[in-house]
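Student: Input: one structure, supplied below.
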Amino acid sequence: MDKFKDLPDSDGFFGDYGGKFVPETLMYALQELEDTYSKLKDNNEFFANVDKDLKQFVGRPSPLYFAKRLTKYHGGPKIWLKREDLNHTGAHKINNTVGQILLAKAMGKKRIIAETGAGQHGVATAAVAARLGLECHIYMGANDIQRQSLNVYRIKLLGATVHAVKSGAAILKDALNEALRDWVTNIEDTYYIIGSVTGPHPYPMIVRDFNAVVGRELKEQSIELFNKFPDAIIACVGGGSNAMGVFYPFLEEDVKLVGVEAAGSGIKTGKHAAPLNDGKPGVLHGAKSYLMQNDEGQVIDTQSISAGLDYPGVGPEHSHLKDSRRATYIAVDDVEVLKAFHNVTRLEGIMPALESAHAFAALEHLVKDFSKNANLVVNVSGRGDKDINIVATMGGISLD
């Protein structure tokens, strides 16, 4: 039995984290989903269809690219990039939506809902729903709609309806709240495609499993390109799906796993989105995990330059990996992220999403711990064209 890879347990827990903390009205829907997935996850025909779509619709496998100039800039280990930004719709999110839309089809659901922060999950969900001709509704915080206007337009072009959520801080957590309310109301005909390894069981497991294609590819590519597994894998963490997807196939291997959270204005300021660095366990959106909360247990507002990481919780499996010390979690602030965004863009001709730029920013802290012969892989979870307006208004460099 593998210590990490055999989780969650039958109740949906990764150690102390996870579970199903939801209203009774959702228990039937979650059980229906769990039963369906249990039947299909060992079904060769089902996963043959998933793999076919990943290859022909998404464009997998994504390449593993040697970042020569970035390696020279850091003056240390070899830096490789897992190019999820090259996927159809521009991020890792499509891996999960391709799988979940086929679950929805198998369950006979005709209506699709999803939440989104940076908009990439919304675009990916709208794309797979359009492909199957299904009604699609995307919930998005009003503040995120403002800073991710390009993706909002893309979602609408794909035929989905965007619902602006104005409650709370009008960001990702509030969008997720509204999506859950919709699901409770329309549970018979609606499938909820959760976008990260968060939420009640079985979602953290399902989303992880569909995104694990990234780590499986990386295993093969690293052996092919440098004859061993990476010495370290670095990925940004909000809810944590891109990180969990690339980490999971390596959990039982001798590979350092580093998750990078959003320190926002700085951990000490309290204005950040780094629950694994400055939070404590609690229950949010149907599962127990590390949360940003006050002394009374109330969830507090978050802050990050990145809409996709601007979330007060994190996936329960990441919480377990933190406590067990199988993975290390650090945080970088907005200033470091902007610097990394510009460095990668100018040095490699690759414009990462601001979410992914957090992983690049972490290199400044990590490279000193590795020799020049080491191989570090950064998971480039998405591309940065969606973030141009944010960069331009946040002290971007002069283009004159």
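Student: If Trp183 satisfies all but one of (1) farther than 21 Å from Ala91 by Cα; (2) buried (at least 24 other Cβ atoms within 10 Å of the Cβ); (3) not aliphatic (A, V, I, L, M), what's the number of the condition it fails?
Tutor: Tallying (1) farther than 21 Å from Ala91 by Cα; (2) buried (at least 24 other Cβ atoms within 10 Å of the Cβ); (3) not aliphatic (A, V, I, L, M), Trp183 fails exactly one: (2).
Student: Still on this structure, please answer the following. If only one of Glu220, Glu253, Glu296 is assigned by TED's automatic domain parsing to the domain that holds His318, farther than 20 Å from Leu172 by Cβ and at pLDDT below 95, which one is it?
Tutor: Glu296
Student: Of the residues that make up the stretch 45-54, is at least one touching a helix residue (DSSP H, G or I) at 6+ places or on another chain (Cβ under 9 Å), of a type in the set (A, V, I, L, M) and either in a helix (DSSP H, G or I) or not assigned by TED's automatic domain parsing to the domain that holds Asn375 (or both)? I'd like the intermediate steps shown before the answer.
Tutor: Pass one, the stretch 45-54, residues touching a helix residue (DSSP H, G or I) at 6+ places or on another chain (Cβ under 9 Å): 46-47, 49-51, 53-54.
Imposing the further condition that a residue be of a type in the set (A, V, I, L, M) reduces the set to 50, 54.
Then keep just the ones that are either in a helix (DSSP H, G or I) or not assigned by TED's automatic domain parsing to the domain that holds Asn375 (or both); that gives 50, 54.
Yes: one or more hits.
Student: Kindly state which helices (runs of 4 or more DSSP H) lie completely within the stretch 62-169 and contain at least 3 residues that are polar (S, T, N, Q).
Tutor: 93-106
Student: Another one. Residues that are in the same structural domain as Tyr191 (by TED's automatic domain parsing), free of Cβ contacts under 8 Å to residues at least 24 places away in the same chain and not charged (D, E, K, R): does the stretch 105-119 have at least one?
Tutor: yes
Student: Considering every residue within the stretch 64-76, establish whether at least one is touching a Ser or Thr at 6+ places or on another chain (Cβ under 9 Å), within 30 Å of Asn389 (Cβ to Cβ) and crowded, with 19+ Cβ neighbours inside 10 Å.
Tutor: no
Student: Leu180 - would you say it is in contact with an Asp or Glu (Cβ under 8 Å, 6 or more places away or on another chain), touching a residue at least 24 places away in the same chain (Cβ under 8 Å) and in a helix (DSSP H, G or I)?
Tutor: Working: in contact with an Asp or Glu (Cβ under 8 Å, 6 or more places away or on another chain): no; touching a residue at least 24 places away in the same chain (Cβ under 8 Å): yes; in a helix (DSSP H, G or I): yes.
Considered against the rule, which asks whether it is in contact with an Asp or Glu (Cβ under 8 Å, 6 or more places away or on another chain), touching a residue at least 24 places away in the same chain (Cβ under 8 Å) and in a helix (DSSP H, G or I), Leu180 comes out as no.
Student: Condition test on His137, is it touching a Phe, Trp or Tyr at 6+ places or on another chain (Cβ under 7 Å) and modelled with pLDDT of 95 or more?
Tutor: no
Student: Name the one entry in Ser289, Ser371 that is assigned by TED's automatic domain parsing to the domain that holds Gly259, out of contact with any Lys or Arg (no Cβ under 9 Å at 6 or more places or on another chain) and in a loop (DSSP other than H, G, I, E, B).
Tutor: Of Ser289, Ser371, the one residue that is assigned by TED's automatic domain parsing to the domain that holds Gly259, out of contact with any Lys or Arg (no Cβ under 9 Å at 6 or more places or on another chain) and in a loop (DSSP other than H, G, I, E, B) is Ser371.
Student: From (1) out of contact with any strand residue (DSSP E or B) (no Cβ under 7 Å at 6 or more places or on another chain); (2) at pLDDT 95 or above, pick out the condition that doesn't hold for Pro8.
Tutor: With (1) out of contact with any strand residue (DSSP E or B) (no Cβ under 7 Å at 6 or more places or on another chain); (2) at pLDDT 95 or above applied to Pro8, the lone miss is (1).
Student: Still on this structure: Select, from Ala169, Ala164, the only residue that is surrounded by fewer than 24 Cβ atoms within 10 Å (Cβ to Cβ), at pLDDT below 95 and assigned by TED's automatic domain parsing to the domain that holds Val50. Working first, answer last.
Tutor: Numbers: Ala164 fails: at pLDDT below 95.
Just one listed residue meets the conditions, Ala169.
Student: Just to verify a result, which residue in the stretch 295-317, among those that are outside any loop (DSSP other than H, G, I, E, B) and touching a Pro at 6+ places or on another chain (Cβ under 9 Å), is surrounded by the fewest Cβ atoms within 10 Å (Cβ to Cβ)?
Tutor: Step by step, filter the stretch 295-317, then rank; the result is Val299.
Student: So, Glu348, is that one surrounded by 18 or more Cβ atoms within 10 Å (Cβ to Cβ), modelled with pLDDT of 95 or more and over 24 Å from Ser241 (Cα atoms) or not?
Tutor: So Glu348 passes the test.
Student: Given the conditions (1) crowded, with 17+ Cβ neighbours inside 10 Å; (2) part of a loop (DSSP other than H, G, I, E, B); (3) more than 18 Å from the chain's Cα centre (by Cα), report the number of the one that Gly282 does not fulfil.
Tutor: Status for Gly282: all satisfied but (2).
Student: Hey, another quick one. Based on what the data block shows, is Thr71 assigned by TED's automatic domain parsing to the domain that holds Leu225 and of a type in the set (S, T, N, Q)?
Tutor: yes
Student: Would you check if Gly315 is small (Gly, Ala, Ser), farther than 16 Å from Ala243 by Cα and in contact with a strand residue (DSSP E or B) (Cβ under 9 Å, 6 or more places away or on another chain)?
Tutor: no
Student: If you go through the stretch 205-238, how many residues are under 30 Å from Gly286 (Cα atoms), of a type outside the set (S, T, N, Q) and in a helix (DSSP H, G or I)?
Tutor: 10
Student: Another one. Determine which single condition Leu276 fails, assuming it passes every other condition in (1) more than 28 Å from Ser167 (Cα to Cα); (2) of a type in the set (A, V, I, L, M, F, W, C); (3) assigned to a helix (DSSP H, G or I).
Tutor: That leaves (1) as the condition not met.
The values are calculated or read from the model by the stated rules, or taken from the named source; none is laboratory data. As the structure is a computational prediction, the values presented were derived from the model and not from experiment. Glycine also receives a Cβ, built like all others from the backbone with ideal geometry; neighbour counts cover every protein chain displayed.
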